[in-house]
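A.B. asks: I'd like to ask you about the structure that follows.
Bear in mind these aren't lab numbers, they're just calculated from the coordinates by the rules spelled out. This structure is a prediction, so every number in the text was calculated from the model and none was measured. Virtual Cβ from ideal backbone geometry, glycine too; neighbours counted across all protein chains shown.
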């Protein structure tokens, strides 16, 4: 249930196109639906503007399918993150509209066209190895109704590559920068733009990177203003936040 659906429902009741009892029946699951394995927050989209998202790791295939089906029945956009191809194959048995994004491991179903602003989000990666996390951010932002420009492999080891794409990066309303290793790229970008930068540390790197901890600490210690940081490999969180910023009026 989102704002438009609720408005339509109330107008249908006022116009006697449906009865009050029918309206009450549609609203009975407005808070949440108890699925046994999960409590689906059907009120979230109305409350915050975005539907609940399914984090797949730690859930069985049957649990994911149960949540997926409940969301599909309620005609909402669906995003499931960190899914494998085997899980996608099972989802397709009951939801052939589902789309798999192999690079990010995301599964999406787009049933509602969300309002898309004229501005766009730039998703920037330091290296090609950062692409899975960056793509999770991009897929998230696109499903939530944003235009995304991808800028790939422009890390500090060859900074001239970044300068070649600077106009495109500066034109964005918000910039997501994914980097592993020493995690320097968000600070560099932050010092070159007048837009908010969302830094995403990735678990890419050799031993002393400590699976992304070195990049995380570097980004948290950024001397560039306007840089905020999400958790290690949290492309979804970056894409979600970028969408919220891009849609500010």
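A.B. asks: Can you tell me the orientation of helix 3-14 relative to the chain, as the angle in degrees between its alpha-carbon axis and the longest Cα principal axis, to the nearest 10?
C.D. replies: Rounded to the nearest ten degrees, it is 20.
A.B. asks: Over all directions, the average projected area of the alpha-carbon convex hull for the stretch 33-109 comes to how many nm²?
C.D. replies: 4.8
A.B. asks: With angles folded into 0 to 90 degrees, how steeply does helix 235-246 sit against the dominant principal axis of the chain? Use alpha carbons for both and round to 10.
C.D. replies: Helix 235-246 sits roughly 80 degrees off the main axis of the chain.
A.B. asks: If you fit an axis through the alpha-carbon atoms of helix 85-94 and take the longest principal axis of the Cα set of the chain, what angle between them do you get, 0 to 90°, nearest 10?
C.D. replies: 20
A.B. asks: Using the basic label-point model (7 angstrom from Cα toward the beta carbon), what is the residue 128 to residue 249 distance in nanometres?
C.D. replies: According to this spin-label approximation, the distance is 4.4 nm.
A.B. asks: Of the residues 19, 42, 125, which exhibits the maximal mean-square fluctuation in a Gaussian network model of the chain defined by a 10 Å Cα contact cut-off?
C.D. replies: 19
A.B. asks: If you wrap a convex hull around the Cα atoms of the chain, how much volume per residue is inside, in Å³?
C.D. replies: It comes to 135 Å³ per residue, whole-number rounded.
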